[in-house]
Amino acid sequence: MRGSLTVSMLLLGACTAANQQTPSAPSDAEQAGAQCDAGAIQDLIGKPADAFADDAKARSGAAAVRRYVTGSPVTMDFRADRLNVETDPTGTIVKLSCG
């Protein structure tokens with residue numbers, strides 16, 4: 001009984017290892033077009049996000065924008081082409097970053 005349990009656990013471990021996938025690195029095409037320059041738009045801090053969202057995206061060169069209120073949960077994934085617009089509860093921009 002003990003031997004069959006050991007064999008079963010070894011087989012289960014082998015199946016689990018075979019099913020795991022390593023995340024792939026971004027392709028060259030994704031890296032080549034990925035750019036965001038939050039430094040170019042720091043003058044927008046203190047302004048209403050609604051009025052300047054399109055301007056911020058265009059001037060930063062970002063492909064995507066993520067807007068959130070300070071303290072809100074956000075994913076920890078990194079995207080070099082994403083502009084993060086952090087606002088206070090009234091919608092005023094308090095921080096601009098890329099990632």
Give the residue that is surrounded by the fewest Cβ atoms within 10 Å (Cβ to Cβ), with candidates limited to residues of region 15-49 that are at pLDDT 95 or above and of a type in the set (Asp, Glu). ASP43
Cross-chain or 6+ apart pairs with Cβ under 7 Å, region 23-47 first and within 25 Å of ILE93 (Cβ to Cβ), then surrounded by 10 or more Cβ atoms within 10 Å (Cβ to Cβ) and modelled with pLDDT under 50: none
I'd like the residue in region 45-57 that is in contact with a strand residue (DSSP E or B) (Cβ under 7 Å, 6 or more places away or on another chain) and among the aliphatic types (A, V, I, L, M) and, out of all such residues, is nearest to GLN35 (Cα to Cα). ALA56
Pairs with Cβ under 9 Å, 6+ apart, first in region 58-87 and closer than 17 Å to ALA38 by Cα and open to solvent by 70 Å² or more (accessible area, probe 1.4 Å), second among the hydrophobic types (A, V, I, L, M, F, W, C) and assigned to a helix (DSSP H, G or I): ARG59/ALA40; ARG59/ILE41; ARG59/LEU44; ARG67/ALA49; ARG67/ALA53
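The values are calculated or read from the model by the stated rules, or taken from the named source; none is laboratory data. Keep in mind that what you see is a predicted model, and the values were worked out from it rather than measured. Heads up, the Cβs are rebuilt from the backbone with ideal geometry, glycines too, and the neighbour counts pull from every protein chain shown. For the accessible areas, the whole protein counts, side chains as well, though only heavy atoms, and no ligand, DNA or RNA atoms are used. Shrake-Rupley method; radii C 1.70, N 1.55, O 1.52, S 1.80 Å.
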